Each structure stands twice: as C-alpha cells, then as structure tokens.
Amino acid sequence: MKLTNQELNILAILDENHSVSPKSIAMQLETTEENVNKLIKKLEEEKIIVSYPTLINWNKIEGKETIVAMIDVKVTPQRGVGFNEVAEQIYRYPEVSSLYLMSGTYDLSVTIEGKSMKDIALFVSNKLATIENVVSTTSHFMLKKYKHDGVIMEGNEDKDRRMVVSP
Amino acid sequence: MSIDYQQYLSTTAMGLEPSGIRKFFDLAASMEDVISLGVGEPDFTTPWNIREFAIDALRDGHTSYTANAGLLELREEISKYLQRRFQVEYQPEDQVIVTVGASQSLDLAFRTILNPGDEVLIIEPAFVSYTALVTMAGGVPIRVETSAENGFKVTPEQLEEVITDKTKAILLCSPNNPTGTSLNKDELTAIAAVVEKHDLLVVSDEIYAELTYDQEFTSFASIPGMYERTILINGFSKGFAMTGWRLGFIAAPQELISIMIKIYQFTTMCAPTMLQMGAIEALRNSSEQVEKMRQHYWRRRNFIVQSLNEIGLECHTPGGAFYVFPSIKKSGLTSEEFAQGLLEEEKVAVVPGNAFGASGEGYIRCSYATSIEQIEIAMNRIGRYMESLVRSKNTAMEKVK
C-alpha cells in the first residue's frame with residue numbers, strides 16, 4: 001500500500017523512538033495532534049505499526065542476564081501447507097523470540113532466549129528436535145550483542161565531541 | 001629585559017574586534033550538564049563510508065601534496081555536484097579550488113579582489129568572521145542591517161542606500177548564519193539588478209545550501225547575468241557533517257581563479273590529501289544520508305519554532321541552515337544579559353544575537369543541531385526561565401506601586 005509523506009514521516013519518527021508524544025510529532029511535522037493520533041491509529045489498524053517494543057539490554061542487570069541462541073532448522077515441507085504448519089508449531093513456544101523462513105542451506109532460523117545454556121539445550125532436544133518433519137538442528141550461541149535493530153548497544157559513536165559554543 | 005610587544009604588533013590585527021562568541025564559550029565551557037543550543041555545527045558524525053574512504057586513503061599511502069587546486073578527481077566531482085544540485089557549470093580544470101574550509105575560500109576571495117579602501121557590503125546579522133576577513137584583506141566592511149520585520153532579508157533599496165563608488169562587492173549568505181533566512185529566486189533576482197547596475201561582484205557563501213527546507217535552494221550564480229559576477233563558496237562542513245575535516249571549495253570565472261590560485265599556492269599549497277579523498281566519496285555516495293540529516297533538521301526546526309513562539313519568544317520560520325533567531329525583547333533584557341541568565345539559571349547555552357552585529361541585539365541564536373529530546377528539555381527550561389523573568393518583573397512593579 002502507498003503512504004503519504006506525512007505518514008512516512010510519522011513512521012520515521014516512531015522508528016527512532018516510539019515514546020515520542022503525539023504533540024511533539026505534530027509540532028515536528030507542522031500538523032495537529034488530532035491528525036497525528038488519527039494517522040497513528042490508521043497505521044496500527046493496517047498492521048503497518050505492529051507493536052512498540054522497548055530495546056532493553058538485560059545483560060546489564062544482575063540476575064537478569066539472558067542467553068540467546070540462533071538455531072538453523074532443516075524441515076521437510078508438507079504438501080499443501082509448505083513450511084507454515086511447522087513454523088506455527090515452533091513460534092507458539094514463548095522461548096522462541098523470532099522465527100524466519102530462510103533461503104539457503106537450511107529452512108527456518110529460530111532465535112531462542114533462555115536463562116542458561118542448559119535451558120536452551122533442553123528446549124532444542126526436548127521440544128524443537130522432536131517436532132514432526134524437523135530433520136536437523138544446528139545451534140549457535142550468541143556471545144555478544146553489538147548492534148540490534150539498527151541500534152548500537154554500547155560504543156562511542158554517539159558521543160558529542162563538539163565544543164559547547166561555536167560560531 | 002621586558003619587551004614592549006605592542007610596538008611590534010600590526011595595527012590591523014590589533015584593531016580586529018574579538019569574536020563575541022569567545023566570551024560566552026569560556027563561561028559555558030566552565031559549567032557542567034549544560035544543554036547547548038550554541039553549537040554551529042551538525043550533531044551528526046560524518047557518514048561512515050566517507051570516513052572509511054579517508055582511512056583507506058591514508059592506509060594506501062596518499063600522503064603527498066596534491067595539485068594546488070586540489071585533486072582533479074575531486075574537482076570533477078565538485079563540478080558535477082554543482083551542476084546536478086544547483087544547475088551551475090564550472091570547469092574542473094580551471095574554475096574550482098579546494099580549500100581548507102569555506103572560511104579560507106572567503107579569505108582567498110577577498111584577498112583576490114580587494115584593494116585598500118575597497119568597500120564590501122555585509123548583510124547583518126552575519127557570521128562572525130565576515131568583517132574581520134574583509135578588514136584583513138585591506139577592504140572596508142560596510143554593514144547593512146536587516147530586521148525581523150521582513151525576516152532578516154536584505155532589500156535592493158537597502159543596498160542602494162549604502163553603495164558608493166568604492167563599493168566592490170556584496171557578501172551574501174543564504175541560508176544565513178545566524179538567522180536561518182533564505183533568499184528565494186525572486187529576491188536574489190532583485191539583488192542581481194542592483195549588482196548589475198553598479199557593476200559589482202558577489203561573494204556568495206552557500207555553505208548551508210544543502211540545508212534548505214521549504215523551497216529549492218537557488219545559487220546566486222544561477223541567476224541570469226550573475227554567473228560572471230559571482231564567486232561561489234561552498235563546502236562539506238554543514239550538509240555532509242564534515243566540519244572538522246576543514247574542506248571547502250570556491251568556484252568562479254577562470255580569470256578570478258587564476259589569480260586566487262597564485263595566492264593559494266604561496267599560503268597553503270593544497271588541502272590535506274587523504275581528506276580530499278574522503279570528500280570524493282562524500283560527493284559520490286552520500287546523497288541519501290545527506291537527505292536523511294536534512295529531514296531531521298527540518299523536523300527539529302518545525303518543533304523549535306513552535307515551541308519558542310508558544311513560550312512567547314517571537315520567532316520567524318527560517319527557510320534554511322540549523323538556526324532560529326527569536327526575539328527576547330519581551331524579557332526586557334539585553335541579548336547578553338538574557339543569554340547569561342539563561343546559562344546560569346537553567347544551564348542552557350545560546351548565543352547572544354549581538355555577537356553577529358548590532359542588529360542582532362534583542363535576539364538570541366538557537367542552534368537546533370542537537371537531538372529532539374535535548375531540544376525539548378531546553379525548551380522547557382527556557383519556558384521556566386521566561387516565567388521567572390516575568391514574575392520578578394511583576395513583583396518589581398508591585399513594589400513600585
């Protein structure tokens with residue numbers, strides 16, 4: 001579907017920071033708060049804005065550290081439904097934080113979050129691998145998150161190095 | 001033995017007024033947790049592809065001089081860029097010089113065209129260096145004061161009033177620092193008629209050309225009849241977020257460039273080689289990122305103009321650059337008093353308008369080259385500061401009663 005410039009601008013602002021107030025958006029785009037609210041509602045209804053997640057670096061909090069693994073899954077597709085049925089069986093588990101159908105040497109890319117490596121290993125051997133039509137799994141544990149969804153987790157890139165006043 | 005150094009100093013150098021910004025910088029720099037709207041440069045870091053190109057150039061050993069005018073490859077890109085973006089044609093071989101910042105381009109222009117006593121019209125409020133650059137080149141800066149009533153735009157009548165037989169050139173800066181004012185094609189055409197009539201040159205500082213919001217930017221050189229009379233100055237600092245690279249360029253008729261290049265070869269030799277390589281990449285592959293930054297500035301401008309007007313600091317909507325120039329006359333304070341009080345009480349740094357010429361008195365320059373979150377906090381603080389000023393004014397008045 002085609003969007004207007006104003007709608008695209010609203011998305012650009014929310015894409016960077018979803019907690020910006022409708023009033024601020026209205027001021028930035030020279031329109032009314034009412035109009036912004038209306039357009040956001042429309043974008044939500046169209047499922048263009050799907051949700052407003054907050055990016056939290058859990059690993060900075062003691063006792064809240066999480067382990068993330070990306071698992072390559074090979075699947076035998078089924079007549080009529082292809083990969084969809086297996087995918088559905090996988091994404092229903094709350095441990096699964098994302099699931100993509102891939103081109104290449106494997107079929108599904110599953111991201112799992114758990115409290116420990118044991119958690120994840122158990123999930124893969126007891127749940128994922130036992131699903132009918134799953135042929136094989138290869139697990140990769142994530143060691144460090146440098147950048148996530150376009151955001152650099154830690155680093156100096158955004159440090160303001162400018163002099164406080166300049167001509 | 002104590003030496004009296006005064007006797008050695010040049011009267012021209014001694015006579016230069018120190019920049020009004022300096023004093024303010026020292027004060028702001030000594031404080032912590034200041035939100036600064038006083039910065040005259042982008043808050044973005046140079047796009048990575050440009051930085052990477054310069055790093056590669058250094059790694060590959062590009063450490064020798066280039067031609068005085070700069071790498072031909074870069075001048076070719078500049079020529080294409082000027083054609084593509086502003087529809088003006090300059091030959092890369094003999095009409096373009098790459099300089100150390102646009103400031104050096106200005107210096108080069110004035111040294112090339114001014115004889116002692118020649119007058120240059122400077123439209124104020126203006127960038128702090130202009131009058132000094134004219135003076136150092138032996139010229140006489142003539143101030144033309146604009147006002148908020150017509151959005152700080154200079155009119156042909158104002159120019160006519162001050163033109164004498166000694167007038168050699170007009171220095172134009174659109175979009176303007178500090179007012180953000182942009183002159184459109186019609187307004188430039190009206191100025192062109194005056195230029196033609198009095199047989200003048202125009203030094204056109206177009207460093208903020210990429211940061212134009214409401215209409216297409218018009219280069220003065222593209223106005224009919226003005227190409228021959230324009231010394232066009234632009235650079236990478238603002239639009240490409242490359243201030244610290246110190247890279248600018250000058251484009252002009254060949255007859256002027258050939259004299260400039262002599263001066264340039266004796267004073268500077270050439271701009272840094274590896275940085276020139278980075279600039280090639282900037283012109284080839286960063287238009288998307290430049291546009292993205294422009295969008296950010298545009299949204300911030302809309303936000304800050306409305307916020308200031310809501311606070312009661314009247315402010316026109318500037319067409320370009322990243323500055324707004326609101327009136328603080330309602331506070332009853334001078335620009336310097338206002339800015340100092342704001343810094344001390346609310347830790348927000350702005351630049352007093354009089355730093356840019358007498359006609360800037362009663363105004364402050366707020367730069368919106370900072371994140372929208374910071375701008376929002378700064379606006380809240382300025383609002384609170386204004387309220388406290390009004391309150392103390394009211395109590396003072398009651399006491400008098």
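The values are calculated or read from the model by the stated rules, or taken from the named source; none is laboratory data. Source: prediction; values computed, not measured. Backbone-built Cβ (ideal geometry, glycine too); neighbour counts: all protein chains shown. Please note that ligands, DNA and RNA were not included when accessible areas were found on the heavy atoms of the full protein model with its side chains. Shrake-Rupley method; radii C 1.70, N 1.55, O 1.52, S 1.80 Å.
General remarks:
- B:T12 being among the β-branched types (V, I, T), within 11 Å of another protein chain (Cβ to nearest Cβ) and either in a loop (DSSP other than H, G, I, E, B) or in contact with a helix residue (DSSP H, G or I) (Cβ under 8 Å, 6 or more places away or on another chain) (or both): no
- Single condition B:I21 does not satisfy, out of (1) open to solvent by less than 50 Å² (accessible area, probe 1.4 Å); (2) assigned by TED's automatic domain parsing to the domain that holds B:A251: (2)
- Residues in the range B:15-47 that are within 14 Å of another protein chain (Cβ to nearest Cβ) and in a helix (DSSP H, G or I): B:G20, B:I21, B:R22, B:K23, B:F24, B:F25, B:D26, B:L27, B:A28, B:A29.
- The range B:107-136, residues that are away from every other protein chain (no Cβ under 14 Å), buried (at least 17 other Cβ atoms within 10 Å of the Cβ) and of a type in the set (G, A, S): B:A109
- Checking each residue in the range A:149-165 for being open to solvent by less than 60 Å² (accessible area, probe 1.4 Å) and either in a strand (DSSP E or B) or within 11 Å of chain B (Cβ to nearest Cβ) (or both) picks out A:R162, A:V164, A:V165.
- Residue count for the range B:336-369 satisfying the condition of being open to solvent by 10 Å² or more (accessible area, probe 1.4 Å), part of a loop (DSSP other than H, G, I, E, B) and within 12 Å of chain A (Cβ to nearest Cβ): 1.
- Among the residues of the range B:314-335, those identified as surrounded by fewer than 24 Cβ atoms within 10 Å (Cβ to Cβ) and farther than 21 Å from B:H296 by Cα are B:E314, B:S327, B:K329, B:K330, B:S331, B:G332, B:L333, B:T334.
- All positions within the range B:266-320 that are of a type in the set (F, W, Y) and closer than 20 Å to A:A26 by Cα: B:Y297, B:W298, B:F303
- Any hit, the range A:85-101, residues being over 28 Å from A:H18 (Cα atoms) and loosely packed, with under 14 Cβ neighbours inside 10 Å: yes
- Set side by side, the residues A:I48, A:I67, A:I71 differ, and just one is in contact (Cβ under 8 Å) with a residue 12 or more places away in the chain, under 21 Å from the mean Cα position of the chain (by Cα) and open to solvent by 60 Å² or more (accessible area, probe 1.4 Å), which is A:I48.
- Which listed residue is assigned to a helix (DSSP H, G or I) and either surrounded by fewer than 19 Cβ atoms within 10 Å (Cβ to Cβ) or in contact (Cβ under 8 Å) with a residue 24 or more places away in the chain (or both), from B:I50, B:I3: B:I50
- Flag for B:G139 being open to solvent by less than 50 Å² (accessible area, probe 1.4 Å), touching a Lys or Arg at 6+ places or on another chain (Cβ under 8 Å) and within 14 Å of another protein chain (Cβ to nearest Cβ): no
- Some residue of the range B:322-331 being outside any helix (DSSP H, G or I), away from chain A (no Cβ under 14 Å) and without any contact (Cβ under 8 Å) to a residue 60 or more places away in the chain: yes
- Residue match in the range B:375-389 (condition: within 11 Å of chain A (Cβ to nearest Cβ), part of a loop (DSSP other than H, G, I, E, B) and more than 19 Å from the chain's Cα centre (by Cα)): no
- Residue within the range A:23-38 that is in contact with a helix residue (DSSP H, G or I) (Cβ under 8 Å, 6 or more places away or on another chain) and assigned by TED's automatic domain parsing to the domain that holds A:Y106 present: no
- Residues being over 18 Å from B:G353 (Cα atoms) and away from chain A (no Cβ under 11 Å) - total across the range B:302-318: 1
- Every pair of residues 6+ apart whose Cβ atoms lie under 7 Å, when the first sits in the range B:341-353 and is at pLDDT 95 or above while the second is of a type in the set (D, E): B:K347/B:D33; B:P352/B:E336; B:G353/B:E361
- Checked against the criterion of being in a loop (DSSP other than H, G, I, E, B) and open to solvent by 20 Å² or more (accessible area, probe 1.4 Å), the candidates B:E157, B:E73, B:E161, B:E93 yield just one match: B:E93.
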